[in-house]
Each structure stands twice: as structure tokens, then as C-alpha cells.
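S.K.: First the structure, which I've put down as C-alpha cells, then a few questions once you've had a look.
Computed from the coordinates by the stated procedures, all read-outs in this text should not be read as laboratory data. Quantities reported herein were computed from a predicted structural model and do not represent experimental measurements. We place every Cβ from the backbone using ideal geometry, glycine too, and count neighbours over all the protein chains shown.
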There are 4 protein chains.
Amino acid sequence: MTARLIIINGGSSSGKTGIVRCLQAVLAEPWLAFSVDDFVDAMPAAMDGSAAGLEIGPDGEVSVGPAFMELEAAWRTGIIAMCRAGGRVIIDDVFLGGGGSQQRWRDAIGDVETLWVGVRCAPEVVAGRELARGDRAVGMAEKQALIVHEGVTYDVEVDSAHAESIDCARTIARYLA
Amino acid sequence: MTARLIIINGGSSSGKTGIVRCLQAVLAEPWLAFSVDDFVDAMPAAMDGSAAGLEIGPDGEVSVGPAFMELEAAWRTGIIAMCRAGGRVIIDDVFLGGGGSQQRWRDAIGDVETLWVGVRCAPEVVAGRELARGDRAVGMAEKQALIVHEGVTYDVEVDSAHAESIDCARTIARYLA
Amino acid sequence: MTARLIIINGGSSSGKTGIVRCLQAVLAEPWLAFSVDDFVDAMPAAMDGSAAGLEIGPDGEVSVGPAFMELEAAWRTGIIAMCRAGGRVIIDDVFLGGGGSQQRWRDAIGDVETLWVGVRCAPEVVAGRELARGDRAVGMAEKQALIVHEGVTYDVEVDSAHAESIDCARTIARYLA
Amino acid sequence: MTARLIIINGGSSSGKTGIVRCLQAVLAEPWLAFSVDDFVDAMPAAMDGSAAGLEIGPDGEVSVGPAFMELEAAWRTGIIAMCRAGGRVIIDDVFLGGGGSQQRWRDAIGDVETLWVGVRCAPEVVAGRELARGDRAVGMAEKQALIVHEGVTYDVEVDSAHAESIDCARTIARYLA
């Protein structure tokens, strides 16, 4: 496949960021990596913790409001424009809406060739990794581990509970040869 | 002016990031903030320190290569697409090429209404602030303080050596009313 | 004065960290810099947000419990032991209890020669700087600006609203000559 | 064992930090966690990259000079004083000198009861994890993986290539019951 866009979906603490860095290292061409966390960081601070923006509940439940979704749509459009302008882009996202989230990307993608990647990791494993990293609301990882994959279809899936980031990256890279 | 894009140019340690955060806080609408540093973070790690990518000399001199410029052009195109898709965007950039850097943005911008902002700060002041923040190559700030403004035209200029970030932000915000 | 310990007290967002980095740069001898934030980072994550540990209220009000104070006393004892063992140490602290906080340090210090430094910054200025840095609970800076200095005595005071970090550092350094 | 001090030794990218966070979470008492990286951050910036301080070679080889070792000795003395003053402390260190590094701790420890923990991880695994985290000099992890354990004796050893951080933490915690 000669994709210009790789979209990697997985729950919090499933190890996507590490896999993306390894993927950038093993791929011959330079790929830009953006994450939905970068988008969140780009929002005004006041939207963090507001119903219109992004709220994280006491047990790590994430909910997003209309202003968040509107800006996110503009962000997705911009990412696809980078691909059309000759860039190669890796996106690291969390499909809180499962198949619905994938469809929102599809609406923006049009005919840009895309490799869809799922990063799975057992709920009990991500719960431990969340504790180890120490910078996420406790409970978020376990909550997201399964739901983000509901109704989503992939070109390739990796399991970060049973493979190192670098090995997941090599598996993904083979689909781009 | 009813701009959808604010481009803020200034040298390293001139306080752009703080001004941008304040600007997001004082503006009524939600604006997304992206920085050229975000773009650099999105590049593969291997491009950091390579002639094709980005090199920082021992005295803080920054030079960028062809692969960097090619990817950066795609990034700029994507940012403008976000504006066209309804997003409001603040860009925090360092015009290493002065007026030439501004022209590269203009080529991408087309008819998107843009507010051009210059953040000035005296070389001897940024040198001290660079020391205080402790995470930038020593010498970079002083080197960039004047050259980034050469041949650049602005709608509004602020001087962060003589005004707090919040006051600079309020000055800029008045141009958008 | 031939102090082996410099204790710098000031409210949140008063610029202590930047002043400390500049102080390390201008002093001839190597000084180790520790902050009460380092102590907080060393605590178990579970103590953050607990009544026994550290709580930050919705308006940035900080309160600490008995487990926090007990561990902090051990931490202070350790810092003083570093000085007695030949180290030179700069402490960056927030005297939430004003003169009472200073007395707790004095009880640990014994005869170790100490330079007491106050960093003042007007409440309205720190409120703006808090917004600019974007990583502190809004309201904390203004709340602490005056109360941390109540009942505290200093060898030297600087005002970071009217002087750059590097200039504050030079002022402090003169007292050690 | 009723230790007041846990010293965890392992090479770069062996996962010590994550294990320490999990250990703080599973232990009933509050333990303070400090790392040799905290000590390095406390040094003046000018010592980073100097022969007297700390140098990191192009292949990730770390060497430390006399000023570094002198300050580090004062730091160790301070840590032990925290334990004697009633604190419980976990240290995360990299024994670049193997058994010699352990002896330097022993000289400071005296009769403070200590649990010695080794974190092993195969060189090829840490090399991949170093790539995944993206913030360490490439080559450092592989170089340190074996040498840091030479001539060191432990109360308990864990292998982070084959066990999650939380499981390593639980193994360690059993030795403190």
C-alpha cells in the first residue's frame, strides 16, 4: 500500500505514542506524527473542564461537547490537507465513539490512501501501565480499552500487551512496503 | 478585523507562548494555538540534528534543510485548511528568514483574513530570559531577537520587555474587535 | 556572608524558578537547587488530592495535611544534612504559613549559615503570569502573593514585577560575596 | 524486613520509574521517591556537558567528573538523613560503576535498613524502549543494560522484559511485608 496517512486507534495507556515514535524510526520516509492530545493542548485552557469542551470524570470517563467536536472537525480537515499537500502523516487517536469516530475520519479523508491500525491491550494490563506512568486519571485506561475498538475495522492490528513497541511498529511497517 | 488566523512572530524566549495562552483566555471565541515547535515535535526524531532536517549549532544558531522545508510547507497548507474549515487559529512562529518566511505564509494563506503580530524584545533581555527558562541552547535568543523581524510587516507590534504577557494579549485582542 | 544554604520564598508564579536558574548561572561555585515542588513530586500520587496529603481547592487554595507535614519535616532534615556534608543548596519554597513556615526551616537549620531571600510580585501581575504559564490552578498565584511574606524576615528582597530574573539573581548574588 | 530505604538499580529505559510509581501505589505507608535524574536536574545547567560535571557521548556513553561525584556524595548523605528523620525513601539509581556505586551508597547508609533491588532488562529490549520513549541519547540503554549490575548484590531482582511494572512492584513489595 502507498498510504500517505496512518491512523492508529487505541485506548489510553495502550502504548500508541511509543509505537508511533518507533514507526517514525523504522519507516524510510519522514512521517509527521500528530495526536489527539496535541489537538487538546491546542484548545484554550478554559475549554478543559467545560461541558462545551472536554470533561474528565472522577473515574476517568471522558466526555466532549459541541465546541470540541466542531474544532476537532476543522483539525481533521487540516490534517488531510497536509497529506494532499505532499505530507505523510501518522495520527494517534482514541475513538471514544468507536465506529462513529472512524466514520468522522472517513468523511474527511476522501480518497487519501489510509492505513488503519488498531492497538489492543488487555484492560488489566493498561490499568497497571496507567499507574506506572502516573499522569492520567485513574480508571481511564481500563474504561477505554475495549470500547474504542467497537465497530471499527482495521488493516492491521497489534497487541501491545504481548509485543514491544518496536515489534508492533515493524508489524505495521510491513503493510506499507 | 474579522480574522480567522493570527500569526505571531518573534525570536526564541521573547515570550510568545505566554502571550498566546493569554490571548486564548481573553478572546471570546475558542481559538486553536499551534507553534512551529509543535511542528518540530511532529517530525521524526532522526531529523533533529540532521542536515536535511533541523540543526542547532553550539551558539544556538538554527539551520533547516530541504526535508524540513518541504514538510513545513505541507504543515502550513494544513493550518490554512483548518481556518477555511471554520477553525480560528493562532500560530506562534520564528521567522528565521525574516520577510522571506512571511512570504511563505502569504503564499499559503490566500484570502484567509490574517492578523500579523510582531513580538519584540531587546536582545539583552531575551538572553537573560533564556538563562531563566533553562531549556534552550544558550545564545539562540539573542541571535534571533532582531533578525526575525527584518523585512516583516505587521498589523500590530508588542514589546514583551516592557509589558506583561497579559497586557500584550489585550493589545492584540483590540485589533480583532 | 559565606552561606551554604539559600532559602528563597515567594508565591506561585512569582518567578522563583527562573531566578534560581539564573542564580546557579551567576554564582562561581556549583549550587544544587531543590524546590518544594520536587518534594511534592516525590510523594505517592495518592497523597495528591487527599486530606492527609495535599489538596488544591477550586480557587487555587492549597491545604496540606499531617502526612504531608511529617514527610516534609524529614525532607528538610535531609536538605540540611546535604549542606553539612559539604553541599551548597538553594531552596525554592512557598511559605503558606508565613513566619510559621520560616520557623520550621529554622528548627532544622541549626547553625548552617543561611541567606533568606524574599521574592515579591504584585498580586495583579502574578495573576497574569499564571494565565501565561497555563499549568497552575487559576487563582492560586493571587491568593499567595501577599500571605507567604507575612511575619517572614529576609536578608534580601527582590521584586520580580519590576526586575528581570537575571537582575534579581545578581542582586541576591551580591549578598554572598 | 522493615526497611526505611529501597534502592532500585537498573540501566536507562529498564522501566525503573514506572516500577517506583507502582511501588508507591501498592505500599501501605507513604514512601518518597527520588531518582538520580532528580539530582542531575538539581545541578547547575553549566555542569551538564562539562568534564567536571556530566557528559553524554554521541553513543550514549555517560561519564561523570569530580564536581559531580562530590555533590552526589552530599546528596546521598542527605537522603540517608531523611530516612533517619523518619522518612521512607525509594531511590532510583543507575550504578554506572557497578559494585563500586553500591559501595558508595553503603558507606552513606550505615545501619539504615535497606532493601536492594535490581531491575534487569535484556539489551535488545531496552534499545527498543529507548526508541519508543524518544527522550534519551540513542545507545545509552543498551550500553548500560548489563554493566550496571556487575558486582552488585541484591535482595530481590525483577526482569522488566518479562513482567509488567505493576507485577515487578508487587514482587518487590512482598519483601517488605
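S.K.: Please report the orientation-averaged projected area of the protein assembly as shown, defined via the convex hull of its C-alpha atoms, in nm². Intermediate values should be presented prior to the final figure.
M.R.: Values: hull surface 113.3 nm².
If you wrap the Cα atoms of the protein assembly as shown in a convex hull and average its projections, you get 28.3 nm².
S.K.: Now for a separate question. Quick check: from the Cα gyration tensor, does the stretch A:1-145 come out rounded (a/c under 1.5), prolate or oblate?
M.R.: Working: a/c = 1.92, a/b = 1.26, b/c = 1.53.
Verdict is oblate for the stretch A:1-145.
S.K.: A further question follows. What list of ³J(HN,Hα) couplings, whole Hz, do you get for the stretch D:154-162 from phi and the Karplus terms 6.51, -1.76, 1.60, once you set θ to phi - 60° and write x for glycine and proline?
M.R.: With coefficients 6.51, -1.76 and 1.60, one gets 10, 8, 8, 10, 10, 10, 6, 7, 10 Hz.
S.K.: Let me ask another. To the nearest 20 debye, what charge dipole does the stretch B:76-121 have about its Cα centre, counting +1 at the Cβ of each Lys and Arg and -1 at the Cβ of each Asp and Glu?
M.R.: The dipole of the stretch B:76-121 has a size of about 40 debye.
S.K.: Over all residues in B:26-36, what is the mean tally of Cβ atoms on other chains that come within 10 Å of each residue's Cβ?
M.R.: Numbers: counts 2, 1, 0, 2, 11, 4, 10, 5, 6, 1, 0.
Per residue, the number of nearby Cβ atoms from other chains is 4 on average.
S.K.: To the nearest whole number, what is the average tally of beta carbon atoms from other chains within 10 Å of the beta carbons of peptide C:130-140? Don't skip to the end; give the middle numbers.
M.R.: Details: counts 2, 11, 14, 4, 11, 2, 0, 0, 3, 0, 0.
Partner-chain Cβ atoms within 10 Å, mean over residues of C:130-140: 4.
S.K.: Hey, in the GNM for chain A with a 10 angstrom Cα cutoff, which one of A:G57, A:G139, A:G87 fluctuates hardest?
M.R.: A:G57
S.K.: Give me the percent of DSSP beta bridges within the stretch C:29-177 that run antiparallel, rounded to the nearest 5.
M.R.: So the antiparallel bridges amount to about 25 percent of the total.
S.K.: Let's test the formula: R0 of 45 Å, r as the Cβ-Cβ distance of C:E29 and A:D111. What FRET efficiency results, to the nearest 0.05? All intermediate terms of the calculation are to be shown ahead of the outcome.
M.R.: On the way: r = 65 Å, r/R0 = 1.44.
E(calc), rounded to 0.05, equals 0.10.
S.K.: Right, another one. Once you have the Kirkwood Rh of the stretch D:1-59 from its Cα pairs, apply Stokes-Einstein at 10 °C and 1.306 mPa s and quote D in µm²/s. All intermediate terms of the calculation are to be shown ahead of the outcome.
M.R.: Working: Rh = 13.9 Å.
The calculation lands on 114 µm²/s.
S.K.: Which three extents, in whole angstrom, do the alpha-carbon atoms of the stretch C:62-173 cover along their principal axes, largest first?
M.R.: 40, 36, 25 Å, listed from the longest principal axis down.
S.K.: Suppose only helical runs count, i.e. DSSP H with n ≥ 4. What mean residue ellipticity at 222 nm does that imply for chain A under -39500 (n - 2.57) per run, divided by all residues and rounded to the nearest 500 deg cm²/dmol?
M.R.: Values: 7 runs with 77 residues, N = 177.
Value at 222 nm, helices only: -13000 deg cm²/dmol.
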